[in-house]
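A short worksheet on the structure shown next.
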Amino acid sequence: MGEQSPESVSTPIGAVFLSYASQDAEAARRICDTLRAADIEVWFDQSELRGGDAWDQSIRKQIKSCALFLPIISKHTHERAEGYFRLEWKLAVDRSHLIMANKAFLVPVVIDDTADDDENVPEKFREVQWMHVSAGETPPDFVTRIRQLLSGEPPQPPTMVRRPTAATTRGSSRLRPSWVAVAVLLAAAAAIVVANRFWTAKPGPSPAKTSTEALAPFSPPPHSIAVLPFVNMSGDKEQEYFSDGLSEELLNSLSRINELQVAARTSSFYFKGKDVDLNTVAHKLNVASVLEGSVRRSGHTVRVTAQLNNALTGYHLWSQTYDRDLSDVLQMQTEIASAVANALKVTLLGDLATKVELGGTRNPPAFDAYIRAAKAQAIASTAKEEQAAVDGFTQALRLDPDYALAYASRSLAHTDLAATWAASVPTIRGSLDHALADARKSIALAPDLAEGHLALASAYEASLEFTRAGEEYERALTLAPTNARVLRDYGIFAVSMGRKDSGLTMLRRAVALDPLNYNAHMYLGQGLRALRRYDEAIIALSDGLAIEPGVDIRTELGITQYLLGDLQAARASCERVAGEYDLGQQCLAITYQKLGRHVDAEAALTKLKALWGDSGPTVYAVVYAQWGDTTKALEWLETAERLRTPGLEGLKTSPLLDPLRNQPRFQAIERELKFPN
């Protein structure tokens, strides 16, 4: 077969599409030649244009129209391998959900000893029968089987001998077909119910729909979208941070279009590395469309391929490949955002470029430093890791002193250091001073940057300047009404200030926009607890715990169980995290005391004080309040008010401080804090 470019080849209906890793080209050629010798049409792309504009357009057309998709599976197609075949596989998996039940489409072909229950291939591939052709040497039965499938005959196991796998030697029946579900596909104008055949497969960690969920009504907002993490095609795992960072920047760009509802970053990135189809993603995030793609970086140049799909119908809406210098990344984000808005028929208000590029940089090294720091901040779980994020943002700002978004991000990191990690009052004060200065600089550079106002609100809140914090939260929400982080932070602040209804509304809205972020559920649980709605709080916290069993949310659950009077459950929850999370000791101190284990309670408080030092007076006040030691509780609260340490924002509504509310000294502290009306 001669070398042909994608645009020069026309695939007739009924053709077979061969997808393979470049290392398996020779085996794929053997399969292709055998099928063509039997007068079976085959799409077999061996051009060097894979990944370009012509390739993108042609490949999507071929996969959409071919009759059978044959992924060639081997050790070269392990999940850590990079290659354009990965995008072909994803397109095929997405299309497979639209294929009628009596028509086969995916026909995996393994050419070495890769087991057919190998979890390094898409789950959808493992739901159907595999064929084995060693090194691409195809026996007559293989050709016969392909003919049968092309003719529309129902799938039957091949007669060729298959190499035993771990599953078959154990006598597993997971490869035998069974009718187990009916999926609902919604067309653009009306709901069309079609039968869809599934093959039994062992459950994995991916958030796959149950059959009940699949049948549930699905009616997402029409202008809602999720941005999945783009695939790193650079051939270097060290470049993963760049593809993730660029994906997040594209997500942020779209979220600045008020006419769009964009699923938040944490929920969209939940699916990274998981073999889930677009239908599942759409249902989990309640979105009508999904943007996905790939990133290939080489030095200061980058190729980005983006594709937008309608989640209701599964049909492709738009795609484009961009080759850019890194200094043009901001302009590229604007172009993609504009194309997505046009494809979704969104009426844009105002200048899109101004919104998308607000607070950004055209300095490639600064952009690179920023996305490295942003990733470090997103996963920080220690003071050292949080400081590393601060240092990364500082590097970005050295390279571009006018990078408003970097100032806002560094401000938030400084506030986290002060409120979460600082072990002394001077350290708290220093971090908050830096946070306030950075936030103000961000706003001076970009007055309409919501992130800058969010950063300033957070710093004011930690500094106990509640009226100013409320004003900045309100400004951030006005600028970014669908930003889940703004809604979450403002919501819990509003509840703490006594604005119960509006705060709870914002917290629920944050969960709707970021349903797979356990923090969103944890904040909702905290808000419900502040309203003394303990049963509902436990449900919200349990939902978050099911997403990620973090030590912080388990502690919040334990405290809520304590308030509900379920002391044994509270003890169990907090004992599980006490060695990993310092506030777990607070939970144990109050729970042990209520259980009559006074020595253990004193020991937990001693550990708590060793961990928090003079930065935790509010934490100690809670313990003494629950122990009934009103004098010591009030002394610690007065110390907290005098030192202006973070944590007093919850004084007005925290149920843990209820034993003190009738005390004149407590009421005096509340007046001094000047909570807004």
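The values are calculated or read from the model by the stated rules, or taken from the named source; none is laboratory data. Please read all numbers here as calculations on a predicted model, not as lab measurements. Cβ coordinates were reconstructed from backbone atoms using ideal geometry, including for glycine residues, and neighbour counts include every protein chain displayed.
Worth pointing out:
- Some residue of region 474-484 being buried (at least 20 other Cβ atoms within 10 Å of the Cβ), within 22 Å of ASP582 (Cβ to Cβ) and out of contact with any Gly (no Cβ under 9 Å at 6 or more places or on another chain): no
- The residues of region 485-537 that are among the acidic types (Asp, Glu) and surrounded by 21 or more Cβ atoms within 10 Å (Cβ to Cβ), listed by number, are ASP489, ASP514.
- Residues (among the polar types (S, T, N, Q) and touching a residue at least 40 places away in the same chain (Cβ under 8 Å)) located in region 496-518: SER496, ASN517
- Subset tally (residues that are surrounded by fewer than 22 Cβ atoms within 10 Å (Cβ to Cβ) and part of a strand (DSSP E or B)) for region 284-295: 0
- Evaluation of LEU348 against (1) at pLDDT below 85; (2) within 18 Å of VAL329 (Cα to Cα) (one fails), failing number: (2)
- The number of residues in region 410-431 being surrounded by fewer than 23 Cβ atoms within 10 Å (Cβ to Cβ) and more than 29 Å from the chain's Cα centre (by Cα) comes to 7.
- Members of region 371-396 found to be over 24 Å from the mean Cα position of the chain (by Cα) and either surrounded by 23 or more Cβ atoms within 10 Å (Cβ to Cβ) or in the same structural domain as GLU240 (by TED's automatic domain parsing) (or both), listed by number: ALA396
- Enumeration of residues in region 250-278 that are assigned to a loop (DSSP other than H, G, I, E, B), farther than 30 Å from ASP118 by Cα and not charged (D, E, K, R): ILE257, ASN258, LEU260, ALA263, ALA264
- Helices (runs of 4 or more DSSP H) within region 558-677 that include 2 or more residues under 32 Å from the mean Cα position of the chain (by Cα): 567-575, 583-594, 598-612
- Consider region 309-331 and keep the residues that are touching a residue at least 40 places away in the same chain (Cβ under 8 Å) and in a strand (DSSP E or B). The one that is surrounded by the most Cβ atoms within 10 Å (Cβ to Cβ) is ASN309.
- Among the residues of region 610-632, those that are at pLDDT below 95 and over 24 Å from THR560 (Cβ atoms) comprise ALA610, GLY613, ASP614, SER615.
- Some residue of region 298-307 being buried (at least 23 other Cβ atoms within 10 Å of the Cβ) and part of a loop (DSSP other than H, G, I, E, B): no
- Candidates VAL340, VAL346, VAL281 - the one that is among the β-branched types (Val, Ile, Thr) and either assigned to a loop (DSSP other than H, G, I, E, B) or more than 30 Å from THR478 (Cα to Cα) (or both): VAL346
- Pairs where the first residue, in region 227-238, is in contact (Cβ under 8 Å) with a residue 40 or more places away in the chain and the second is in a loop (DSSP other than H, G, I, E, B) and crowded, with 22+ Cβ neighbours inside 10 Å, C-beta under 7 Å, 6+ apart: LEU228/PHE271
- Any hit, region 562-582, residues being farther than 30 Å from THR427 by Cβ, among the aliphatic types (A, V, I, L, M) and buried (at least 18 other Cβ atoms within 10 Å of the Cβ): yes
- Unmet requirement for THR334, which otherwise passes all of (1) assigned to a loop (DSSP other than H, G, I, E, B); (2) touching an Asp or Glu at 6+ places or on another chain (Cβ under 7 Å); (3) under 21 Å from GLU259 (Cβ atoms): (1)
- Single residue of ARG468, ARG509 found to be part of a helix (DSSP H, G or I) and within 27 Å of the chain's Cα centre (by Cα): ARG509
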